[in-house]
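The values are calculated or read from the model by the stated rules, or taken from the named source; none is laboratory data. This structure is a prediction, so every number in the text was calculated from the model and none was measured. A quick note on method: Cβ atoms are made from the backbone with ideal geometry, for glycine too, and the neighbour counts reach across all protein chains shown. With ligands, DNA and RNA removed, areas are computed over all heavy atoms of the protein, side chains included. Shrake-Rupley method; radii C 1.70, N 1.55, O 1.52, S 1.80 Å.
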Amino acid sequence: GDSVTQMEGPVTLSEEAFLTINCTYTATGYPSLFWYVQYPGEGLQLLLKATKADDKGSNKGFEATYRKETTSFHLEKGSVQVSDSAVYFCALSRASKAAGNKLTFGGGTRVLVKP
Amino acid sequence: NAGVTQTPKFRVLKTGQSMTLLCAQDMNHEYMYWYRQDPGMGLRLIHYSVGEGTTAKGEVPDGYNVSRLKKQNFLLGLESAAPSQTSVYFCASSLVGLAGAGELFFGEGSRLTVL
């Protein structure tokens with residue numbers, strides 16, 4: 001079945017450092033890929049997405065490119081802020097009317113940005 | 001803007017007790033989901049619904065039941081709670097098909113402890 005693997009945390013960074021969180025997936029066909037973010041005490045919210053190979057998703061300074069040849073969707077941000085401290089989840093989806101928009105999640109990576 | 005609302009937010013149960021988690025969404029979404037979140041394991045799908053009156057099993061359905069009697073509500077029941085069901089539970093909803101592909105809207109979570 002489908003699966004998502006992402007690097008374990010926690011990742012501790014200083015403000016303005018470069019952030020990379022690796023994500024790889026196993027799936028047949030052409031799933032859509034997502035990054036969700038969970039701030040302390042809150043539910044998950046969509047950060048960015050890519051629906052086909054070579055698409056780049058971007059939002060709030062974060063970027064990720066759908067690489068089918070390496071089955072990867074790594075998340076990057078050039079200069080992190082304290083407010084980026086959160087747990088980040090990589091996920092994939094196969095939307096279908098019968099099965100809904102179910103997401104398969106990776107284990108999550110906790111990021112802590114220190115001033 | 002309520003979005004997805006879960007009640008209760010916290011609950012402590014004794015082994016063998018029963019309880020129901022309520023999820024309500026005001027976005028007129030067709031699809032609804034219940035996930036559980038455990039450390040290092042990301043979110044795992046318990047049950048989901050693609051419309052009023054329909055439910056289906058997800059990845060980890062054992063020990064849980066659900067009902068979707070009204071479009072806006074999705075109930076998760078534990079008939080006989082076990083310590084292994086100690087977790088944070090998230091409800092989510094989404095639009096139908098490709099229009100909502102992968103974008104789930106999450107509640108803030110319900111933390112359940114089973115002693």
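Points worth noting:
- For chain B, with all protein chains in place and a probe radius of 1.4 Å, 54% of the accessible heavy-atom surface sits on carbon or sulfur.
- Taking 21 Å as the limit for the C-alpha separation, the pairs A:Lys49/A:Lys102; A:Lys56/A:Lys77; A:Lys102/B:Lys57; A:Lys114/B:Lys9; A:Lys102/B:Lys71; B:Lys9/B:Lys57 exceed it in the case of A:Lys114/B:Lys9; B:Lys9/B:Lys57.
- Accessible area in the full protein assembly, largest first, 1.4 Å probe, for B:His47, A:His74: A:His74, B:His47
- Highest-MSF residue in chain B out of B:Gly40, B:Gly16, B:Gly53 [GNM, Cα springs under 10 Å]: B:Gly40
- With all protein chains kept in place, the per residue accessible area of the stretch A:56-115 amounts to 44 square angstrom at a probe of 1.4 angstrom.
- Among beta bridges that DSSP assigns inside chain B, antiparallel share in %, nearest 5: 90 percent
- Chain B: most fluctuating residue of B:Lys71, B:Lys57, B:Lys14 per GNM, C-alpha cutoff 10 Å: B:Lys14
- Neighbour net charge for B:Gly109 - beta-carbon separation under 15 angstrom, K R +1, D E -1: +2
- Long-range HN-HN contacts of A:Ala17 with modeled amide H, under 5 Å: A:Val80
- For chain A, the convex hull spanned by the alpha carbon atoms encloses 99 Å³ per residue.
- All-pairs alpha carbon distance profile, chain B, 10 Å steps from 0, percent: 15, 50, 30, 5, 0
- Taken across both chains, chains A and B shield about 1700 Å² of accessible surface from a 1.4 Å probe.
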